[in-house]
Amino acid sequence: MRPFAAVFLRSAARRCQSIASSPAASARLAPNARLAPPLSSSSSPLPRCFSTTRTTCADSSARKTVLHDYHVQQGGKMVSFGGYSMPLTYSSLSQVASHHHTRSQASLFDVSHMVQHHFEGPGAADFLKWLTPSSLKKLPDHQGTLSVLLNFGGGILDDTVITKISDEKYYVVTNAGRREEDLKWLQERLADWRGEKKGGEVKHTVLENQGLVALQGPKAAEVLAQHTDVELSKLTFGKTAYATVAGVPDCHIARGGYTGEDGFEISIAPEQTVKVTEALVGTKPTALAGLAARDSLRLEAGMCLYGHDLDETTTPSEGGLAWVVSKDRRTSADFIGAERVLKDIKEGPQRRRVGLVVDGAPAREGAKLFAATESREQVGVVTSGIPSPTLGKNIAMAYVANGLHKKGTELEVEVRGKRRLAVVEKMPFVENKFYRG
């Protein structure tokens with residue numbers, strides 16, 4: 001495993017370097033720009049939940065989460081990500097060891113850089129229904145769902161998790177790297193909503209400096225159960241509850257996460273976030289984990305990284321997310337971007353997101369894919385790729401021309417100037433272990 005671990009470490013290091021936003025960088029997705037999302041100036045090499053701003057060495061202008069000083073004290077290697085100074089790794093565990101610890105035990109990730117929102121009022125549900133293609137009113141109270149914010153052309157502005165707290169209150173989490181774009185879009189659409197009297201009044205609040213930590217892994221429930229009186233056996237995947245955690249009241253606990261493992265995302269008042277974090281990390285077998293492990297975990301779980309696997313040109317069908325477009329919304333067609341989204345669902349998209357297993361060296365973002373036929377024409381491009389710590393082989397996500405997306409399809413990928421075999425594989429690469437009761 002040593003050679004493999006070394007490759008993974010080099011991979012993570014490369015993904016932490018700033019990617020130039022010049023035309024040359026964008027051109028590496030050519031010649032067919034519709035085969036993959038273009039590399040935008042806001043895209044990020046690392047991570048819902050890790051979002052779109054590039055990761056570089058930490059700088060003084062980066063925002064700090066409420067846990068920043070705690071990370072430094074714990075030996076966190078801080079880098080700039082999503083506009084925040086965030087831990088890439090910790091001195092106590094290597095990147096690969098942290099990945100394995102999450103898969104076998106429990107890890108705690110700081111995701112306080114994510115943007116947390118409340119939408120309240122008699123028009124809250126209808127407003128969010130206009131922005132997204134999901135059936136939000138039908139959700140039971142304290143149930144969340146993955147969805148997408150869509151632009152007028154049906155492209156994905158951001159992926160998001162929306163939780164119905166009550167008929168007139170919704171809790172929404174969006175990506176840190178899309179903060180400015182999302183807030184601008186929301187403000188503009190709220191102005192339209194009010195000016196055109198589209199529906200009831202909506203109050204939008206951003207929960208600034210709110211803490212958010214993700215406790216992930218097969219031992220996550222065992223750890224959290226020692227610090228809360230919520231009956232976790234009844235809190236199945238996607239469900240949420242307000243509860244006391246480590247003596248801190250009114251924490252919002254959501255069962256889910258970005259690793260493919262069982263786990264919880266816990267929203268905490270700013271002044272109490274360190275207290276809750278210390279209690280969870282101090283409970284064995286919990287260990288701190290950073291961005292590097294989160295990226296490899298999410299890719300094994302087949303989860304998208306905005307700015308790489310999704311962007312504003314990508315429709316839900318292209319991104320493998322047509323399932324977030326509810327059947328009743330396909331009939332009503334009353335959401336922003338509906339015309340393009342529904343056309344893709346009915347007729348099929350031009351390209352599709354797929355998983356790949358790659359022979360030899362790992363295929364990096366931007367690697368070109370070619371047909372394994374006499375034509376040898378370019379048919380796609382890699383958007384994310386790593387050596388999988390769990391599987392011991394190279395995996396990747398990519399966009400390929402429609403028709404080449406079926407499992408077992410053989411393609412060729414260009415890595416270091418050589419063509420290598422890449423076989424389309426079903427995702428997730430590692431089976432998800434969400435708790436469903």
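Cross-link pairs exceeding 20 Å between alpha carbons, from the set K234/K275; K239/K275; K184/K346; K137/K198: K234/K275; K239/K275; K184/K346. Restricting the calculation to Cα atoms, every distinct pair contributes to the Kirkwood radius of segment 350-425, found to be 11.8 Å. For segment 93-98, 3J(HN,Hα) computed residue by residue from phi via the Karplus equation (6.51, -1.76, 1.60; θ = phi - 60°) reads 9, 6, 4, 5, 4, 5 Hz, glycine and proline entered as x. If you take the Cα centroid of segment 138-203 and the Cα centroid of segment 70-93, the two points sit 30 Å apart.
When only the heavy atoms of the protein chains count and the probe is 1.4 Å, how do M86, M78 rank by accessible area, highest first? Spell out each step's value before the answer.
Values: M86 0, M78 35 Å².
Largest to smallest exposure gives the sequence M78, M86.
A straight Cα-to-Cα reach below 15 Å connects K393 with the aspartates and glutamates E300, D359, E425, residues fewer than 8 places away in its own chain not being considered.
Per-residue 3J(HN,Hα) values for segment 140-153, derived from phi via the Karplus relation 6.51 cos²θ - 1.76 cosθ + 1.60 with θ = phi - 60°, read x, 4, 6, 10, x, 8, 6, 8, 9, 8, 10, 8, 5, x Hz in sequence order (x marks Gly and Pro). Scaling against 2.2 N^0.38 Å puts the C-alpha radius of gyration of the chain at 0.94. Nonpolar atom fraction for the chain, defined as the carbon and sulfur part of the 1.4 Å probe accessible area, stands at 51 percent. The residues of the chain expose on average 39 square angstrom of accessible surface per residue, using a 1.4 Å probe on protein heavy atoms.
Mind ranking 294-304, 406-416, 390-400 by how tightly packed they are, going by the mean number of other C-beta atoms within 10 angstrom, highest first? Each step should come with its number before you reach the end.
Numbers: 294-304: 24.9, 406-416: 16.4, 390-400: 21.7.
The densest-packed peptide leads the list: 294-304, 390-400, 406-416.
Distance from the Cα centre of segment 232-273 to that of segment 345-410, in angstrom? Here the two parts' Cα centres lie 35 Å apart. Under 5 Å between amide hydrogens, built in the peptide plane, is the criterion, and for L157 it picks out L149, L150, N151 among residues at least 5 positions away or on other chains. Across segment 227-241, computed HN-Hα scalar couplings (Karplus, 6.51 cos²θ - 1.76 cosθ + 1.60, θ = phi - 60°) run 10, 8, 9, 5, 7, 5, 5, 9, 8, 7, 3, x, 7, 9, 7 Hz from first to last residue, x flagging Gly and Pro. For K77, the residues 5 or more places off, or on other chains, whose built amide H falls under 5 Å of its own are L88, T89, Y90, S91.
The values are calculated or read from the model by the stated rules, or taken from the named source; none is laboratory data. Quantities reported herein were computed from a predicted structural model and do not represent experimental measurements. We place every Cβ from the backbone using ideal geometry, glycine too, and count neighbours over all the protein chains shown. The area values use the complete protein model at the heavy-atom level, side chains included, leaving out ligands, DNA and RNA. Shrake-Rupley method; radii C 1.70, N 1.55, O 1.52, S 1.80 Å.
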